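Shown next, in structure tokens, is the structure this report addresses.
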């Protein structure tokens, strides 16, 4: 009996030692994790936007998978595939449900532990029905420096004629939505709010959605049936904004097949400096100050986009008319490799109105001008057969 009691005491001591050791190791791991977390945040915060983007893209995804499986061994998916059960996808779904981190998508680990990365101005171009080209993952970001792509070569005269709006029905003709719904403007006395460091806000009364609201009202007043969607597409992360807005627009077009003109309304940020951005995106006309427009048109260089030249013609018509009536109010057409969901319509365009250096009042004034010009163009293009 004495020998048994001694063995029990020894076993308890061993178990207690193991528990203490595990606790110490867990505490040390916690301290190290917090230390490296703070160091990583400070390093990334000091990077320029393009440097942060390059940093993320260059890191091998296997590193992140290794980090996750070390912390959560149960998430490690076996390489062997079993009949009827896909353990790899099963573990990926389980990890996403339990931890909000998808072990098969390492970027989600950074979004949780390094929130600063989610503010990088890139949007994943994840389009259902298409496979991503081989190589580095492609992102769509209208805020990246312009590529200065040459305009399309349209040799035949009939190709330069823009497609008419035939037999407009009683339903809505124009859709205005916002891929980056939280984009806000410089606070003013009338529109005074507290933006974040990148001039974004979830308050729709101070974001680009307010500008879209007035534009919608003006178009309807000018007898152009228009609807607006204010869904947040850039929350909780900027990275999937275009994938989110794609689903929204597809659903709306299915509900309203009468829509022919699709406008993704944004607020620009051509450079980080507030004053320099203001100089780029502001114009004074007849003693009034307005936010300038930039018309962004996607092409087929990244994804299939057979309608992009028609979108380009439509943007050219808008630009020319804006400049004719209000010289200097348009910054031109920015032709890009990305698609920006513009494959959904033959008259789809991304419109940047002002920047974070402009006030809401200046952008609202420009919204009225844009509605007026668009209404004139709609009237000219409308025919009845």
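So here's what we get for this one:
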quantity	calculated
Least to most buried among 268, 320 (fewest other Cβ within 10 Å first)	320, 268
Rounded Å value of the spacing that divides the Cα centres of segment 252-320 and segment 331-366	2 Å
DSSP-defined beta bridges in segment 157-383 - what % are antiparallel, rounded to 5	30 percent
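Values in this text are rule-based calculations from the coordinates and carry no lab data. No experiment lies behind these values; they were computed from the predicted model shown. Ideal geometry is used to build each Cβ from the backbone, glycine not excepted, and the neighbour counts take in all protein chains shown.
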